[in-house]
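Presented below is the structure to which this report refers.
The values are calculated or read from the model by the stated rules, or taken from the named source; none is laboratory data. Computed from a predicted structure; not experimentally measured. Please note: Cβ atoms are built from the backbone with ideal geometry, for glycine as well, and neighbour counts cover all protein chains shown.
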């Protein structure tokens, strides 16, 4: 091996602590990048494969009732490959040992053969058979939530009739990756479940023989769903269509895509931070290393090595340090990617998992970090290459310090000499000091950013569930009901208060912009479901006009005073131009509200309602549940406490993983920065510290000089980090702003404090490692040699 | 001391008995000291003379409490100091020993006065830093940083730093090694002055035999032991030396 390479390897070995500290930071960056990109790819590929294998439909449309002969007509629409007409109904279920009402989403499947679209993945048991109309197949999460297995029984109130159903199979479907009950914000597998039933059996139960109320379309590859939806809507208009939706708006898929979108954001912002820090650390280490290596550089040049060879020598050094980090990062990233993908796959219950990380992902990770590290050390390498040999071989001039009036001031005079050493050292290289503080700050900020998620979720729960929703439960009704239903419900045992709500799907249009969603009608001074602004103020409901969520107003590009063209997709399908009278900010969804009377007028209906909010006496819940389960008009019961709990559980599961990742990475950052800067300071100033030991200073006293400087820089870095963390949080909440969720930027003092403590812990650890070296300082060796 | 007469032999300040030091480097044992006995008496100035590698620095390090002998013991007045006890050694260095090094070893970020204060702040019988600097002729350079001082001036700051705590022993390792002769003599004058005016027991290591002429006694070092002693009947003044 060539002598220079040997020197390189020995140098690296001598610097192993620092090489490792840099490698850990680079590894963190590469790992986050590889993890995010590989799990992103895996989720996309898995979802696509799942969708394709099970023939997940491209367009969905719901109608009130349409004759089956229409299917032929639909299949002749240009671009349509296959059509599957189905019956979908809601039923109230009773499950032994579970008191609360459970909502079942009944979906038809052919009794014989496979469905053309939205095929099931059978997990156990079998599909339904022709001569047994009471057989059902359960969605796996629902079955698991209630520990139901093939052979078990459950009761259902279907179209006013109590039926006893037998579970014959457990299955999964691409259509119900996310299963959301009506009005729910999060999946709740205990209180909402999907069940598949034979087509003929379901048609008989709901008087829909020879008819369907839902149709799914599979499209040819090159056809556009939007054009087909227009034609389909026209075709279904007279059958009570709610308007067709493309796959991208299908609720389960929409949630899934939102998750994937968030992962994409993570894969860009975070690795950038880590690699920026790695570049900075590379610069710090290289420039100081070259400073201590200057006599060797002079010697190399005196022997006739060219500038280029010297530069290449140090470039190889950077690449070797980086290489260690890249390999570590690859391994860690591939493992984390797998873990992360499995967590998601588990959450989404994908029956298959494709995890084949693309070599390109690893190449990107390596290239990006290599470029960052090389860019970081470019200046130092160039300096080494251009150092004139004679100058390089002579010892550097003693560092120049300047006097300052500060030290003559009353406060200055009070400072002891070790403290003066610390302050002068910092002031002599303010840039280097600042960069160290910034490194610490980055560590804190990553932690703040990860932890602020908890605060944000708490805020969402507070506003969404505690301030806005004061009801204990929401009762969804089968179709629109008259005022009479409200009065009936008010008379049920345990009902303390009841408020009506209306809800219809609608297209909202402004100019060329449109949104397919819904409008809700509320009373003018709702006590149970108030509309709160994100600022915490109650939004009043004017007698006329639309109240839009700001996100919806943005999507439609309208402001107060503008008008929105509303096309209701249900009932008589009225269309009207309605002015926007008020805007409010909300964290979830993109709701639009109207006064319930105005809504009734718009619909051309007498006082009607689709849902009722209830305040109940908790002592009479059992009786109330029993009554609600027997009411045929009730299609859904959503309990607020259960919803909050479910929301918390789902979020907690995702967040814990996410936060632990980042806590680990933040620690790696904090450790890397402090270890490198103190370790290098030690090698630069070992002689000075040894002198002090000889003069009679204890090792604790000289530690004060070295670690005191680090502590001061850390002290500057901590508040700076909180500040940067708030900035980073802002960046992330903005980047994660989707149609489904707005993450509020809320950072509690406790979050800042936790982040600060975590970083302090990591830096204290690296300080302790350096402190051990200080205790073993070789006093004699440093005194003999000229630096 | 040489003129105080044989009737009043001063007390022994520092004594080394049977000192050996073996360094284990790889597979080779290097015997730096092979049984050295010596004593430094109150107020005398001793020069340890010898070529490089003769073990004189090792001896100075052991006497100064920077290193421990492999065998033998060092006694400062009635206290054994060769114990492997870091904090006793630190205490000894802090309270009783002043060091002057070949390369000055000043703290670059502190001014001359502050370099001296560094020591006076932790010692208990110290003098005013300005006074110590005046003693070595640097009263005018109090607020200069090391980078603003010449080599000789830096070495004199180092001497001021060593003597400001009024040590019992002043140990100087090649104090003129990095200086030209003219500057070297200025530094030796400072050492001489401290020795005579403050009565500090002083040991100077050098390979420059001329410096031996200013000592009470000269110990010739070779191969890890004291080859011979030389008692000067007459000490030359530092300014009379030349090389």
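Observations on the structure shown:
- Sole residue being on the phi > 0 side of the Ramachandran plot and outside the structural domain of residue A:712 (by TED's automatic domain parsing), chosen from A:349, A:338: A:349
- Residue tally, condition in contact with a helix residue (DSSP H, G or I) (Cβ under 9 Å, 6 or more places away or on another chain) and part of a strand (DSSP E or B), over segment A:482-502: 7
- Meets criteria (in a helix (DSSP H, G or I), crowded, with 18+ Cβ neighbours inside 10 Å, within 14 Å of chain B (Cβ to nearest Cβ) and modelled with pLDDT under 90) for residue A:686: yes
- Taking segment B:93-102 as the range and being in contact with a helix residue (DSSP H, G or I) (Cβ under 6 Å, 6 or more places away or on another chain) and within 9 Å of chain A (Cβ to nearest Cβ) as the test, the residues that pass are B:98, B:99, B:101.
- Residue list for segment A:138-155, filter: without any contact (Cβ under 8 Å) to a residue 60 or more places away in the chain and either crowded, with 16+ Cβ neighbours inside 10 Å or under 36 Å from the mean Cα position of the chain (by Cα) (or both): A:138, A:139, A:142, A:143, A:144, A:145, A:146, A:147, A:148, A:149, A:150, A:152
- On the stretch given as segment B:29-52, residues that are within 13 Å of another protein chain (Cβ to nearest Cβ) and in contact with a helix residue (DSSP H, G or I) (Cβ under 7 Å, 6 or more places away or on another chain) total 1.
- All positions within segment B:115-125 that are within 7 Å of chain A (Cβ to nearest Cβ) and in a helix (DSSP H, G or I): B:117, B:118, B:119
- For the residues A:699, A:703, the requirement of being touching a helix residue (DSSP H, G or I) at 6+ places or on another chain (Cβ under 8 Å), in the same structural domain as residue A:423 (by TED's automatic domain parsing) and under 26 Å from residue A:283 (Cα atoms) singles out A:703.
- None of B:178, B:162, B:158, B:147 is touching a residue at least 24 places away in the same chain (Cβ under 8 Å), part of a loop (DSSP other than H, G, I, E, B) and facing another protein chain (nearest Cβ under 10 Å) except B:178.
- Check on residue A:700, within 14 Å of chain B (Cβ to nearest Cβ) and either over 24 Å from residue B:110 (Cβ atoms) or surrounded by fewer than 22 Cβ atoms within 10 Å (Cβ to Cβ) (or both): yes
- Some residue of segment B:103-114 being more than 10 Å from chain A (Cβ to nearest Cβ) and in a loop (DSSP other than H, G, I, E, B): no
- Only a single item in (1) touching a helix residue (DSSP H, G or I) at 6+ places or on another chain (Cβ under 8 Å); (2) surrounded by fewer than 17 Cβ atoms within 10 Å (Cβ to Cβ); (3) more than 30 Å from residue B:119 (Cβ to Cβ) is not met by residue A:719, and it is number (1).
- Just one of the numbered conditions (1) modelled with pLDDT under 90; (2) in contact with a helix residue (DSSP H, G or I) (Cβ under 6 Å, 6 or more places away or on another chain); (3) within 12 Å of chain B (Cβ to nearest Cβ); (4) assigned to a helix (DSSP H, G or I) is not true of residue A:709: (1).
- As for segment A:536-543, it holds at least one residue that is buried (at least 22 other Cβ atoms within 10 Å of the Cβ) and in contact with a strand residue (DSSP E or B) (Cβ under 9 Å, 6 or more places away or on another chain).
- Test result for residue B:55, within 30 Å of residue A:685 (Cα to Cα) and either without any contact (Cβ under 8 Å) to a residue 40 or more places away in the chain or within 11 Å of another protein chain (Cβ to nearest Cβ) (or both): no
- Inspection of segment B:126-144 identifies at least one residue that is buried (at least 24 other Cβ atoms within 10 Å of the Cβ), more than 13 Å from chain A (Cβ to nearest Cβ) and outside any loop (DSSP other than H, G, I, E, B).
- Close pairs (7 angstrom Cβ cut-off, 6 or more residues apart or separate chains): within 13 Å of another protein chain (Cβ to nearest Cβ) and without any contact (Cβ under 8 Å) to a residue 60 or more places away in the chain in segment A:419-433, part of a helix (DSSP H, G or I) and surrounded by fewer than 22 Cβ atoms within 10 Å (Cβ to Cβ) anywhere: A:420/A:407
- Qualifying residue in segment A:394-404 (condition: within 13 Å of chain B (Cβ to nearest Cβ), free of Cβ contacts under 8 Å to residues at least 12 places away in the same chain and out of contact with any helix residue (DSSP H, G or I) (no Cβ under 8 Å at 6 or more places or on another chain)): yes
- Among the residues of segment A:50-63, some residue qualifies, meaning at least one is within 23 Å of the chain's Cα centre (by Cα), over 30 Å from residue A:327 (Cα atoms) and touching a residue at least 24 places away in the same chain (Cβ under 8 Å).
- Among residues of segment B:63-92 being buried (at least 23 other Cβ atoms within 10 Å of the Cβ) and facing chain A (nearest Cβ under 10 Å), the one that is farthest from residue A:699 (Cα to Cα) is B:64.
- Residues that are touching a strand residue (DSSP E or B) at 6+ places or on another chain (Cβ under 8 Å) and surrounded by fewer than 18 Cβ atoms within 10 Å (Cβ to Cβ), drawn from segment A:219-238: A:220, A:223, A:226, A:233
- When segment A:117-137 is filtered for residues that are in a loop (DSSP other than H, G, I, E, B), surrounded by 17 or more Cβ atoms within 10 Å (Cβ to Cβ) and in contact with a strand residue (DSSP E or B) (Cβ under 8 Å, 6 or more places away or on another chain), the ones remaining, listed by number, are A:117, A:118, A:120, A:127, A:128, A:133.
- Failed item, numbered, when residue A:305 is tested on (1) in a helix (DSSP H, G or I); (2) more than 30 Å from residue A:346 (Cβ to Cβ): (1)
- Residue match in segment A:642-660 (condition: more than 14 Å from chain B (Cβ to nearest Cβ) and under 30 Å from residue A:770 (Cα atoms)): yes
- Filter result (out of contact with any helix residue (DSSP H, G or I) (no Cβ under 7 Å at 6 or more places or on another chain) and crowded, with 17+ Cβ neighbours inside 10 Å) within segment A:457-479: A:459, A:460, A:463, A:464, A:468, A:470, A:474, A:476, A:478
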